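*Asks:* The structure that follows is given in the form of structure tokens.
The values are calculated or read from the model by the stated rules, or taken from the named source; none is laboratory data. Everything quoted here is computed from the prediction, not taken from an experiment. Note that each Cβ is placed from the backbone with ideal geometry, even for glycine, and that neighbours are counted across all protein chains shown.
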Amino acid sequence: MSLLPEVKKHYGKLKFFIGGEWVDPQSPAVQEDRNPATDEVIAEFAEATKEEARAAVEAAHRGFQEWREVAMRERARMLFDMRAKFEEHLDELTRILTQDHGRTIGEATGSLRRVIENIESACSAIYGLAKQNEHMDQLASGIDQYLIWEPLGAFLIVTPGNIPMHAWSSFVPYALAAGCTVVVSPSRQDPVAAEAICRVAQEVGFPPGAINLVHGGRNINKEILAQPEIKGVGFIGSNRGGHDLFEQCGKLGKTSSVNGNGKNYLVVMPDADLDSGIEWMLRAAFGMCGQRCLGMDNVVIIGDIYDEVKSRLTEAAAAMKLGYGLDEDTENGPMTTQAGKEKVIQWIEGALSEGAKMVLDGRAPKVEGYPNGYFLGPTILEEVDVDMTMAKEEAFGPAVGLIRGTSLDEAIEWINTKTNLGHSACIMTASGRSARKFTKEVNVGNVGVNVGVAQPFAFFPLGSRRESFVGTAKSRMASMRMFMDEKTVTQRWV
């Protein structure tokens with residue numbers, strides 16, 4: 001295997017995309033974007049001013065007046081063209097994502113495949129709109145009635161640092177399919193990836209204002225959402241930021257899809273196939289360096305297989321190769337930011353102070369050739385109690401706690417009562433009875449059976465529950481319900 005070349009060593013000072021034009025930010029204050037594997041600066045960017053945010057909103061509003069009138073078949077053609085553009089630029093985008101985020105090239109390729117699936121799903125959603133329209137003749141004497149769906153307008157889309165491209169595709173293609181326009185406000189953690197995906201999408205030739213991009217933060221997001229032309233928000237990120245925007249939507253009467261934090265359980269039953277299951281656990285707990293909202297950091301082991309699971313998982317995790325994700329031999333890359341690394345270390349140290357015991361310590365790995373990277377190795381803790389803080393708060397890093405369980409009923413109770421979060425839960429078992437019971441009784445939105453990550457395909461919604469989701473509609477295909485509204489027409493012609 002080889003070290004793949006970077007697309008660029010440095011991407012310069014990033015621009016905003018407003019009204020079909022790439023424009024220089026007005027603010028002289030810039031922030032640095034760093035490669036997490038090397039700590040080298042790869043770009044500079046500035047946050048939008050209120051005036052620039054307003055300009056992006058106005059452009060999206062003007063763009064909506066044109067885009068909503070584009071014929072359905074033409075919108076579909078352009079989305080199919082967008083799919084082709086992402087296939088054309090797949091290799092380039094995966095390398096940019098690896099360089100900017102830190103994940104491995106294999107993980108980046110998987111993420112871009114998800115992007116393409118979402119675009120395909122949005123294409124199918126356009127034609128699916130025809131099935132949503134309902135018509136009844138002679139509902140009353142001489143009266144016909146029918147239902148139509150109409151696009152609402154311009155939307156704010158906020159994407160997180162852990163899945164900057166995948167999250168973009170969970171909303172933007174669907175908004176465009178519905179006839180809406182967007183102002184995208186990406187995370188400050190990986191802005192190069194956000195600009196790259198916008199540039200590829202715009203190669204299709206969408207009307208000016210259909211897609212807009214500004215860099216900002218919570219204050220700018222609130223400023224954009226407050227504008228009367230913005231009809232709602234699609235958000236993936238932290239509960240803190242998302243619930244603030246949801247509250248703002250409630251006050252302003254706007255629609256929303258807010259997807260937040262998770263605290264996910266993996267239950268390993270005594271009859272689980274560990275030959276495959278250890279590999280599933282490995283990717284669920286440590287893939288993407290643990291920065292995955294559907295990843296698992298509570299592993300409940302039922303019965304007398306605890307020591308075997310612990311031994312085999314520890315051996316496999318300790319053997320994972322850390323390094324730059326552009327090295328095709330790398331199995332785990334760095335954390336995306338130094339601050340994120342430090343937060344995970346604090347989580348681990350907090351767990352130890354609560355009484356958890358260290359099984360595998362990844363806090364200070366030595367990664368040959370990358371002494372300045374934000375690396376954490378896989379970390380495994382045991383003697384974890386479900387009432388510990390660490391068992392309730394998301395690690396969001398490559399750290400997992402092993403929990404001894406006595407029964408499936410007990411594990412289900414823990415999942416349903418020990419956290420207010422409801423992203424996902426998985427079970428590994430050979431028993432259809434156990435799997436069915438688990439699937440029906442766990443109060444989460446995404447359930448996995450003999451998988452480590454309960455990741456729905458694009459044409460299914462991300463079904464999170466409880467405090468992990470608030471809003472009008474789930475993301476992906478289900479977001480069409482957020483971007484459109486119903487109108488009934490009653491008419492008499494006789």
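*Asks:* State which residue pairs qualify: first residue acidic (Asp, Glu) and inside segment 261-275, second residue loosely packed, with under 14 Cβ neighbours inside 10 Å in any location, beta carbons under 8 Å apart, and separation of 6 or more residues or different chains.
*Replies:* ASP271/ALA430; ASP273/ALA430
*Asks:* When you go through ALA473, ALA478 one by one, which is the residue that is over 12 Å from the mean Cα position of the chain (by Cα), assigned by TED's automatic domain parsing to the domain that holds PHE64, modelled with pLDDT under 90 and assigned to a loop (DSSP other than H, G, I, E, B)?
*Replies:* ALA473
*Asks:* Would you pick out the residues in segment 222-252 that are of a type outside the set (Gly, Ala, Ser), free of Cβ contacts under 8 Å to residues at least 24 places away in the same chain and in a helix (DSSP H, G or I)?
*Replies:* Within segment 222-252, ARG240, GLU247, LYS251 meet the criteria.
*Asks:* Condition first: under 21 Å from LEU462 (Cα atoms) and in contact with a Ser or Thr (Cβ under 9 Å, 6 or more places away or on another chain). Now tell me which residues in segment 267-281 satisfy that.
*Replies:* Once the filter is applied, which keeps residues that are under 21 Å from LEU462 (Cα atoms) and in contact with a Ser or Thr (Cβ under 9 Å, 6 or more places away or on another chain), segment 267-281 yields only VAL267.
*Asks:* Follow-up. Tally the residues that are in contact with a Leu (Cβ under 8 Å, 6 or more places away or on another chain) and either more than 19 Å from LYS310 (Cα to Cα) or part of a helix (DSSP H, G or I) (or both), restricting the search to segment 364-396.
*Replies:* Counting residues in segment 364-396 that are in contact with a Leu (Cβ under 8 Å, 6 or more places away or on another chain) and either more than 19 Å from LYS310 (Cα to Cα) or part of a helix (DSSP H, G or I) (or both) gives 5.
*Asks:* State yes or no: is MET72 surrounded by fewer than 23 Cβ atoms within 10 Å (Cβ to Cβ), more than 26 Å from the chain's Cα centre (by Cα) and under 24 Å from PRO173 (Cβ atoms)?
*Replies:* Here the answer is yes, as MET72 does meet what is asked.
Conditions (1) of a type in the set (Ser, Thr, Tyr); (2) modelled with pLDDT under 95, marked per residue:
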position: LEU79; (1), (2): no, no
position: GLU88; (1), (2): no, no
position: ILE96; (1), (2): no, no
position: THR104; (1), (2): yes, no
position: GLU107; (1), (2): no, no
position: LEU112; (1), (2): no, no
position: LEU129; (1), (2): no, yes
position: ASN133; (1), (2): no, yes
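*Asks:* Separate question: So which helices (runs of 4 or more DSSP H) are wholly in segment 1-117 and hold at least 2 residues that are without any contact (Cβ under 8 Å) to a residue 24 or more places away in the chain?
*Replies:* Passing ranges, in order: 72-88, 90-101.
*Asks:* Exactly one of (1) over 27 Å from GLU195 (Cα atoms); (2) free of Cβ contacts under 8 Å to residues at least 60 places away in the same chain is unmet by ASN219. Its number?
*Replies:* Of the numbered conditions (1) over 27 Å from GLU195 (Cα atoms); (2) free of Cβ contacts under 8 Å to residues at least 60 places away in the same chain, the odd one out for ASN219 is (1).
*Asks:* Between a residue in segment 476-494 that is without any contact (Cβ under 8 Å) to a residue 12 or more places away in the chain and any residue that is not in a helix (DSSP H, G or I), which pairs come within a Cβ distance under 8 Å, given they are 6 or more apart or on different chains?
*Replies:* Within 8 Å, the pairs are ARG481/THR472; ARG481/ALA473.
*Asks:* Here's something else I'd like to know. Is one or more of the residues making up segment 160-178 out of contact with any Leu (no Cβ under 6 Å at 6 or more places or on another chain), within 23 Å of ASP485 (Cβ to Cβ) and surrounded by fewer than 23 Cβ atoms within 10 Å (Cβ to Cβ)?
*Replies:* Within segment 160-178, not a single residue is out of contact with any Leu (no Cβ under 6 Å at 6 or more places or on another chain), within 23 Å of ASP485 (Cβ to Cβ) and surrounded by fewer than 23 Cβ atoms within 10 Å (Cβ to Cβ).
*Asks:* Of these, GLY362, GLY369, GLY350, GLY422, which one is buried (at least 21 other Cβ atoms within 10 Å of the Cβ) and more than 24 Å from PRO456 (Cα to Cα)?
*Replies:* On the way: GLY369 fails: buried (at least 21 other Cβ atoms within 10 Å of the Cβ); GLY350 fails: buried (at least 21 other Cβ atoms within 10 Å of the Cβ); GLY422 fails: more than 24 Å from PRO456 (Cα to Cα).
Going through GLY362, GLY369, GLY350, GLY422 in turn, just one is buried (at least 21 other Cβ atoms within 10 Å of the Cβ) and more than 24 Å from PRO456 (Cα to Cα): GLY362.
*Asks:* Same structure again: Looking at GLY325, GLY355, GLY350, GLY373 in this structure, which one is closer than 24 Å to VAL453 by Cα and not polar (S, T, N, Q)?
*Replies:* GLY325
*Asks:* List the pairs whose first member sits in segment 457-474 and is farther than 16 Å from GLY234 by Cβ, whose second member is among the polar types (S, T, N, Q) and crowded, with 18+ Cβ neighbours inside 10 Å, and whose Cβ atoms are under 7 Å apart, counting only residues at least 6 apart or on separate chains?
*Replies:* As it stands, the answer is PHE459/SER121; GLU467/ASN239, since those pairs meet every condition given.
*Asks:* Find all pairs meeting these conditions: Cβ atoms under 8 angstrom apart; at least six residues apart or on different chains; first residue within segment 148-175 and farther than 18 Å from LEU225 by Cα; second residue in a loop (DSSP other than H, G, I, E, B) and among the aromatic types (Phe, Trp, Tyr).
*Replies:* ASN162/PHE396
*Asks:* Kindly indicate whether VAL447 is part of a strand (DSSP E or B), farther than 21 Å from GLU134 by Cα and touching a residue at least 40 places away in the same chain (Cβ under 8 Å).
*Replies:* no
*Asks:* Ok, one more. Identify all residues within segment 163-207 that are farther than 17 Å from VAL57 by Cβ and hydroxyl-bearing (Ser, Thr, Tyr); write none if there are none.
*Replies:* If the condition is that a residue be farther than 17 Å from VAL57 by Cβ and hydroxyl-bearing (Ser, Thr, Tyr), then SER169, SER170, TYR174, SER187 are the ones that fit.
*Asks:* Name the single residue, out of those in segment 460-470 being part of a loop (DSSP other than H, G, I, E, B) and out of contact with any Gly (no Cβ under 6 Å at 6 or more places or on another chain), that is surrounded by the most Cβ atoms within 10 Å (Cβ to Cβ). Full working, then the answer.
*Replies:* Let us first name the residues in segment 460-470 that are part of a loop (DSSP other than H, G, I, E, B), namely 460-464, 467-468.
Keeping just the survivors that are out of contact with any Gly (no Cβ under 6 Å at 6 or more places or on another chain) gives 460-462, 467.
Numbers: PHE460: 14, PRO461: 20, LEU462: 26, GLU467: 18.
Applying the filter and picking the extreme gives LEU462.
*Asks:* If I filter segment 257-293 down to residues being surrounded by fewer than 24 Cβ atoms within 10 Å (Cβ to Cβ) and polar (S, T, N, Q), which single residue comes out as nearest to ILE157 (Cα to Cα)?
*Replies:* Taking the candidates together, the pick is ASN261.
*Asks:* Filter segment 120-164 for residues that are part of a helix (DSSP H, G or I) and in contact with a strand residue (DSSP E or B) (Cβ under 8 Å, 6 or more places away or on another chain); which is nearest to PRO398 (Cα to Cα)?
*Replies:* Ranking the candidates gives PRO164 first.
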